[in-house]
1. Being in a helix (DSSP H, G or I) and either modelled with pLDDT of 90 or more or under 22 Å from residue 97 (Cβ atoms) (or both): is that true of residue 43 here?
2. Could you tell me which residue of segment 23-49 is most open to solvent (accessible area, probe 1.4 Å), considering only residues that are among the polar types (S, T, N, Q) and touching a residue at least 12 places away in the same chain (Cβ under 8 Å)?
3. Residue 22 is checked against (1) among the polar types (S, T, N, Q); (2) within 27 Å of residue 126 (Cα to Cα); (3) over 20 Å from the mean Cα position of the chain (by Cα) and fails just one. What number does that condition carry?
4. Identify the single condition in (1) open to solvent by 80 Å² or more (accessible area, probe 1.4 Å); (2) among the charged types (D, E, K, R); (3) under 26 Å from residue 86 (Cβ atoms) that residue 52 does not satisfy, given that it satisfies every other one.
5. Any chance you could count how many residues in segment 109-131 are outside any strand (DSSP E or B), open to solvent by 40 Å² or more (accessible area, probe 1.4 Å) and either touching a Ser or Thr at 6+ places or on another chain (Cβ under 7 Å) or within 22 Å of residue 51 (Cα to Cα) (or both)?
6. Condition first: more than 9 Å from the chain's Cα centre (by Cα) and open to solvent by less than 10 Å² (accessible area, probe 1.4 Å). Now tell me which residues in segment 132-164 satisfy that.
7. Go through 167, 176 for me and flag whichever is exposed (fewer than 14 other Cβ atoms within 10 Å of the Cβ), within 21 Å of residue 35 (Cα to Cα) and among the small types (Gly, Ala, Ser).
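The values are calculated or read from the model by the stated rules, or taken from the named source; none is laboratory data. Just so it is clear, the model here is predicted, and its values are computed rather than measured. All Cβ positions, glycine included, derive from the backbone under ideal geometry; neighbour counts span all protein chains shown. Protein only, heavy atoms only, side chains kept; ligands, DNA and RNA dropped before computing areas. Shrake-Rupley method; radii C 1.70, N 1.55, O 1.52, S 1.80 Å.
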Amino acid sequence: IKIRIHWKLTFIFCFVVILAISAGYFYLVPRLKSYVENNISNNIRHQLYLGKDFLEISLIDKTNTADFQAIAAKMGKVLDLRVTIIGLDGRVLGDTDLTREQLMTVENHADRPEVKDALKKAFGVSKRFSRTVKKNMLYMALPFGKEKTEGILRFSMFFYDIDLIEAKMRGTIGIAA
């Protein structure tokens, strides 16, 4: 059977369109994901520095009787992030995802990469699986204290937010195709 010329042109045109959409998809999705991750990281970093200032002001007002669990809960609620306050010895003093009772039994955080870097380099960041809450997370940490370092303030967020954005982008491009 002879295929008419307009069907051949239609097939070629459709092939070129599908090829262009596929190339756009594989080009755009990783770049958009990277952009979103960088934007989220920068926002968390800015919030972390503001949280450090808030924590240091709270410590001045309350001296050594600071309720770190209440401070962590307040910051976490306002920022919609997981907030952890860690002592210099690695003991967790406050955490938005833990109760006061769980704080007594949670493992020491001195070996966490972001905590080590915060103490060595004055800022720490890590993307890893959380053994405490059993999810993939982005962590950022800073040492706090006015005169001397008193501990580590750590903010974290779940990766599923970034994964949801990627899934929506894939769906939109798929519908467009």
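1. Numbers: in a helix (DSSP H, G or I): yes; either modelled with pLDDT of 90 or more or under 22 Å from residue 97 (Cβ atoms) (or both): yes.
Yes; evaluated as a whole, the condition is true for this residue.
2. Applying the filter and picking the extreme gives 47.
3. The one condition residue 22 does not meet is (2).
4. With (1) open to solvent by 80 Å² or more (accessible area, probe 1.4 Å); (2) among the charged types (D, E, K, R); (3) under 26 Å from residue 86 (Cβ atoms) applied to residue 52, the lone miss is (1).
5. Going residue by residue through segment 109-131, those that are outside any strand (DSSP E or B) are 109-123, 130-131.
Retained after the next criterion (residues that are open to solvent by 40 Å² or more (accessible area, probe 1.4 Å)): 110-111, 113, 116-117, 119-122, 131.
When the remaining residues are screened for being either touching a Ser or Thr at 6+ places or on another chain (Cβ under 7 Å) or within 22 Å of residue 51 (Cα to Cα) (or both), the result is 110, 113, 116-117, 119-122.
Qualifying residue count, segment 109-131: 8.
6. Those that are more than 9 Å from the chain's Cα centre (by Cα) and open to solvent by less than 10 Å² (accessible area, probe 1.4 Å): 141, 142, 144, 151, 152, 153, 154.
7. Working: 176 fails: within 21 Å of residue 35 (Cα to Cα).
Every option except 167 fails the conditions.
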